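Input: a single structure, listed below in structure tokens.
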Amino acid sequence: MRDKPHVMAIKYTLLTTLSILMMLPVVVAFLGSVRTNGEFMTQPFGLPTRGLHLDNYILILSDERFWRSGLNSLGITVGVVLLNVILSSMLAFAFSRIRFFSKGLWFNILSVGLLFPLVVAILPIFIQIRNFGLTGNLLGVILPMAAFGIPGSVVILRGFFISVPKELEEAAYIDGANIYQFFLRILLPIVRPAIFAVATIQIIAAWNEFFLPLGVLTGSPETWPLPLGLMQFQGQYGTDWAAVMTYITILMIPAIIFYLFTQRFIVTGLTGGELKG
């Protein structure tokens, strides 16, 4: 049953308004990055009046600290995604295809992790990281981020694993496959959209994470990722808001490009929980 026209109008109005509000900071940052600081301070929401000003991009892209921070962000992102996807897929497989004692209880306990974002556990995480001697080390950021992303990833992947017909698994075993071969060669390729969705979510989260690196890597500027590099850059160029907007724009570009190329996998992975035989 279709919604009535006035209901559809309200929905589209709300969605359009939310889209504008979400895109406004991106637009402001980009417009500020291609104008002089004087133009930006005079009219933050205005268009360039003296042509495109690209000196800020040259300033940032020629800074060695920016590229070092970029490599640190890349290392954190790759580490988080690999750990999260590998561990989550194995856990989701266990919770969906293997029988063991109190499976439902353990899955519910794991799902409780969805209620607690990473930021609420910064202090105990920092204490544990310090006890393990990982402060100032990228592993001190990678391990907690990968762990806190596991509950959401398991929930997504488990739904897909359950939707794979049991007959397919039985046929694989009849053909001589063992449980590991079924998991690696049959199940994972089938649920590839869900894996892409999980990986994309983790990539965006790891790339933009600020508070955990701030607590773990504060004393080691050479290990700072781009969000902390932005903080350092703002401290140096605090009055040059056009340059700061340029740094923010560069920081957003990889995540936006990656999302544009993988959005269909995200939609399929989050909404396609049923597979047709």
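The values are calculated or read from the model by the stated rules, or taken from the named source; none is laboratory data. Being a predicted model, the structure only gives us computed values, none of them experimental. Here the Cβ is made from the backbone with ideal geometry for all residues, glycine too, and neighbour counts use every protein chain on show.
At-a-glance table
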quantity: For Val80: the one exception among (1) touching a Pro at 6+ places or on another chain (Cβ under 8 Å); (2) at pLDDT 90 or above; calculated: (1)
quantity: Failed criterion for Gly133 (all others in (1) within 29 Å of Thr223 (Cβ to Cβ); (2) among the small types (Gly, Ala, Ser); (3) touching a residue at least 12 places away in the same chain (Cβ under 8 Å) hold); calculated: (3)
quantity: Boolean, Leu74 is assigned to a helix (DSSP H, G or I) and loosely packed, with under 12 Cβ neighbours inside 10 Å; calculated: no
quantity: The one condition in (1) closer than 19 Å to Thr77 by Cα; (2) in contact with a Ser or Thr (Cβ under 6 Å, 6 or more places away or on another chain); (3) not acidic (Asp, Glu) that Met145 fails to fulfil; calculated: (2)
quantity: Every residue from region 120-141 that is part of a helix (DSSP H, G or I) and surrounded by 13 or more Cβ atoms within 10 Å (Cβ to Cβ); calculated: Ala121, Ile122, Ile125, Phe126, Gln128, Ile129, Arg130, Leu139, Gly140, Val141
quantity: Within region 158-178, considering residues that are aliphatic (A, V, I, L, M) and without any contact (Cβ under 8 Å) to a residue 12 or more places away in the chain, the one nearest to Val85 (Cα to Cα); calculated: Ala177
quantity: Among the residues listed as Ser88, Ser73, the single one being modelled with pLDDT of 90 or more and under 25 Å from Ile179 (Cβ atoms); calculated: Ser88
quantity: Within region 246-277, tally of residues that are in a loop (DSSP other than H, G, I, E, B) and either touching a helix residue (DSSP H, G or I) at 6+ places or on another chain (Cβ under 7 Å) or at pLDDT 85 or above (or both); calculated: 4
quantity: Filter pass, Leu21 being outside the structural domain of Ala243 (by TED's automatic domain parsing), of a type in the set (A, V, I, L, M, F, W, C), exposed (fewer than 12 other Cβ atoms within 10 Å of the Cβ) and modelled with pLDDT of 90 or more; calculated: yes
